[in-house]
Amino acid sequence: MNRIHSIFLFFALALGVLLAAGAATAQTPAFAPDVDTSLLLHSAVGAAPAQVQVPGETFPFLQLPAAGSQEPVRIHVITSTDFAGPLDEQIYVRWWDGRMAHWIMGYWVKNLPAEVFDGTIPAGTRVDLWRVEVPSYVWQPGSQYYAIQVKGYKNGQSVERYLLAHGGGDFTHTNALGQIWSASEEFNGQDWAVDLP
């Protein structure tokens, strides 16, 4: 009887240890990827994006169409390569036309060499250039506003950061390049203003 009792007790303890280990594993939080904001850039400190040339390129961060044109508004963003880690990288612009918001997805253009930044980022750093085109049927004459969403997405999981023109609130930060970003979608009054013909 003692021997059977000892064997039963051993199996009960072993089962308890396994159940406790499983519960601890189930409660351990999964790895939460983040967006690398250290090299996000859409302009220069205190300068309008339409007046600042993209490093190494012949066009500015913001290209506005001429009066009467059907060309899109072109918005350029620089990010670190693989800025979303294990998640898929996406760039969006939230464009406010005065009546409603439009979310427009951008696309990757190319890698830029660190040398075009004149020493403001470390040599050998990999950066990417992205473009978002706001079509003519979206933008309206007059005052418009936009913010840039930098996003990582995969299997229903997403992480978003927003590039802004002005700081404000408890959620804004500034990276080493002077770019203001936020983890919050509350960017009213902090986004870029554009006057279109």
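The residue that is modelled with the lowest pLDDT, counting only those in segment 12-47 that are within 19 Å of PHE83 (Cα to Cα) and open to solvent by 30 Å² or more (accessible area, probe 1.4 Å), is PHE31. For segment 86-126, a residue qualifies if it is outside any strand (DSSP E or B), touching a Phe, Trp or Tyr at 6+ places or on another chain (Cβ under 9 Å) and surrounded by 14 or more Cβ atoms within 10 Å (Cβ to Cβ), and the qualifying residues are LEU87, ASP97, GLY106, THR125.
For segment 132-157, a residue qualifies if it is part of a strand (DSSP E or B), open to solvent by less than 50 Å² (accessible area, probe 1.4 Å) and not aliphatic (A, V, I, L, M), and the qualifying residues are GLY142, GLN144, TYR146, GLN149, LYS151, GLY152. Of the residues TRP130, TRP108, the single one that is modelled with pLDDT of 90 or more, in contact with a Gly (Cβ under 6 Å, 6 or more places away or on another chain) and more than 19 Å from GLN70 (Cα to Cα) is TRP130.
The set of residues from segment 137-161 being among the aromatic types (Phe, Trp, Tyr) and free of Cβ contacts under 8 Å to residues at least 40 places away in the same chain comprises just one member, TYR137. Just to verify a result, which residue in segment 72-85, among those that are part of a strand (DSSP E or B) and open to solvent by less than 50 Å² (accessible area, probe 1.4 Å), is farthest from GLY189 (Cα to Cα)? Residue satisfying both the conditions and the ranking: SER80. With respect to LEU129, is the statement that it is within 24 Å of GLN53 (Cβ to Cβ), part of a strand (DSSP E or B) and open to solvent by less than 80 Å² (accessible area, probe 1.4 Å) true? Against the criterion (within 24 Å of GLN53 (Cβ to Cβ), part of a strand (DSSP E or B) and open to solvent by less than 80 Å² (accessible area, probe 1.4 Å)), LEU129 qualifies. Being over 20 Å from ILE104 (Cβ atoms) and surrounded by fewer than 21 Cβ atoms within 10 Å (Cβ to Cβ) is a property that holds for GLY189. Contact annotation: residue pairs with Cβ atoms under 8 Å, 6 or more positions apart or on different chains, pairing a residue in segment 89-116 that is over 15 Å from GLN140 (Cα atoms) with a partner that is surrounded by fewer than 11 Cβ atoms within 10 Å (Cβ to Cβ), are ILE91/TYR107; TYR92/TRP103; VAL93/TRP103; ALA114/PRO122; ALA114/ALA123; ALA114/GLY124; GLU115/ALA123.
Considering only segment 158-174, state which residues are under 18 Å from VAL52 (Cα atoms) and either part of a strand (DSSP E or B) or open to solvent by less than 40 Å² (accessible area, probe 1.4 Å) (or both). Residues satisfying the conditions are LEU163, LEU164, ALA165. For segment 75-101, enumerate the residues that are in contact with a Pro (Cβ under 9 Å, 6 or more places away or on another chain), of a type outside the set (A, V, I, L, M) and more than 24 Å from PRO33 (Cα to Cα). HIS76 - this is the single residue of segment 75-101 that is in contact with a Pro (Cβ under 9 Å, 6 or more places away or on another chain), of a type outside the set (A, V, I, L, M) and more than 24 Å from PRO33 (Cα to Cα). Counting the residues of segment 48-64 that are open to solvent by less than 70 Å² (accessible area, probe 1.4 Å), β-branched (Val, Ile, Thr) and over 16 Å from LEU177 (Cβ atoms) gives 0.
Kindly indicate whether ALA67 is hydrophobic (A, V, I, L, M, F, W, C), out of contact with any Phe, Trp or Tyr (no Cβ under 7 Å at 6 or more places or on another chain), open to solvent by 50 Å² or more (accessible area, probe 1.4 Å) and farther than 17 Å from ASP191 by Cβ. It is true that ALA67 is hydrophobic (A, V, I, L, M, F, W, C), out of contact with any Phe, Trp or Tyr (no Cβ under 7 Å at 6 or more places or on another chain), open to solvent by 50 Å² or more (accessible area, probe 1.4 Å) and farther than 17 Å from ASP191 by Cβ.
The values are calculated or read from the model by the stated rules, or taken from the named source; none is laboratory data. Everything numeric in this text was worked out from a predicted model, so none of it was measured. Cβ: placed from backbone, ideal geometry, glycine included. Neighbour counts: every protein chain shown. Accessible surface areas use protein heavy atoms only, side chains included; no ligands, DNA or RNA. Shrake-Rupley method; radii C 1.70, N 1.55, O 1.52, S 1.80 Å.
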